[in-house]
1. Looking at R43, is it in a helix (DSSP H, G or I), of a type in the set (K, R) and at pLDDT below 95?
2. Hey, among M73, M171, M142, which residue is within 23 Å of R36 (Cα to Cα), touching a Pro at 6+ places or on another chain (Cβ under 9 Å) and modelled with pLDDT of 90 or more?
3. Could you tell me whether any residue of segment 167-175 is acidic (D, E), part of a loop (DSSP other than H, G, I, E, B) and open to solvent by 50 Å² or more (accessible area, probe 1.4 Å)?
4. Which residue, of L86, L41, L34, L81, is farther than 13 Å from L191 by Cα and hydrophobic (A, V, I, L, M, F, W, C)?
5. Return the residues of segment 122-135 that are under 19 Å from T16 (Cβ atoms) and without any contact (Cβ under 8 Å) to a residue 60 or more places away in the chain; say none if nothing qualifies.
6. If you take the residues in segment 108-138 that are basic (K, R) and not in a helix (DSSP H, G or I), which one is least open to solvent (accessible area, probe 1.4 Å)?
7. Filter segment 148-165 for residues that are part of a helix (DSSP H, G or I) and in contact with a helix residue (DSSP H, G or I) (Cβ under 8 Å, 6 or more places away or on another chain); which is nearest to V116 (Cα to Cα)?
8. Tell me which of these F192 doesn't satisfy, since it passes every other one: (1) hydrophobic (A, V, I, L, M, F, W, C); (2) touching a residue at least 40 places away in the same chain (Cβ under 8 Å); (3) farther than 24 Å from K88 by Cβ.
Amino acid sequence: MASFANDQQVVRFVTTTVEPWGYFNDRGLPDGLLVRFVNLLGREAGLPFTNRLQPYPRVKHSLGNGQADMAVMFVGPESDLLGESLGKVVDTHIMMIGRKGMKPVDNLQALDGRLVGYIRGSRYGRQFDDYMGFTKIPVNRMRQGIAMLITGRLDAMVSTDQSLFYTLDKMGLDIDEVSPLLFIGQTQGDLFISHQVSNPELAAIYREALRKLRHSGRLNPLFFQHEGLGEEWQAAQQRALSEKSKLADQ
């Protein structure tokens with residue numbers, strides 16, 4: 001590690017501009033869950049680094065062509081083509097929400113013919129990504145998607161739990177303003193190092209730095225600050241499913 005520090009090699013991170021993962025705060029400074037994570041990781045690794053905020057498609061492009069050394073991306077075949085995973089950073093749940101008063105559904109087919117929003121460039125697993133029964137409407141921000149949902153311009157919106165609860169909180173909306181429709185699945189975000197990285201020895205350094213952060217427990221308060229809202233959403237989903245079951249038995 002000393003040789004890297006002496007050479008002042010700057011490690012290049014890129015982070016998606018999707019709230020709450022990455023955004024510019026009121027002072028125009030980079031902020032967000034992954035921005036804070038990169039800061040923690042960079043200090044643990046002890047190497048100089050930069051972190052650019054980019055749209056998720058651009059993050060993948062930068063990692064794939066070697067313009068960036070590292071990024072946190074969802075696990076999947078596409079990510080494996082762009083880089084090598086150095087380990088898990090965060091678990092996330094993929095969920096579908098609907099307008100207030102909508103009842104939970106059993107599967108994606110129940111939404112056939114509807115308008116379903118998603119964050120432009122994001123992937124939510126093959127179950128959703130490959131499904132063609134409804135019209136998928138790309139939006140730039142979760143805030144835009146929730147606003148369109150509440151005003152009736154969307155029938156449903158897919159989201160990670162972190163993005164959903166963060167945005168509801170920032171918009172000052174109660175969780176009851178949207179309805180839980182369907183739990184799609186669980187995925188994870190890993191730290192990926194580019195296959196085109198200029199110095200492959202960085203992999204061992206950052207794999208170890210990530211391991212230390214994870215085992216020390218320092219990542220938990222960073223990524224689970226909205227856990228209470230998650231529990232509330234799950235309780236609301238269970239109530240709705242129970243009501244749906246009662247109606248079916250009548």
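The values are calculated or read from the model by the stated rules, or taken from the named source; none is laboratory data. Everything numeric here is computed off the predicted structure, so don't read it as measured data. Cβ: placed from backbone, ideal geometry, glycine included. Neighbour counts: every protein chain shown. Areas reflect the complete protein model, heavy atoms only, side chains present, ligands, DNA and RNA absent. Shrake-Rupley method; radii C 1.70, N 1.55, O 1.52, S 1.80 Å.
1. Against the criterion (in a helix (DSSP H, G or I), of a type in the set (K, R) and at pLDDT below 95), R43 does not qualify.
2. Only one candidate passes the filter, namely M142.
3. yes
4. None of the others qualify; the one that does is L81.
5. Those that are under 19 Å from T16 (Cβ atoms) and without any contact (Cβ under 8 Å) to a residue 60 or more places away in the chain: R123, F128, D129.
6. My answer is K136.
7. The qualifying residue nearest to V116 (Cα to Cα) is I150.
8. Here F192 clears every test but (3).
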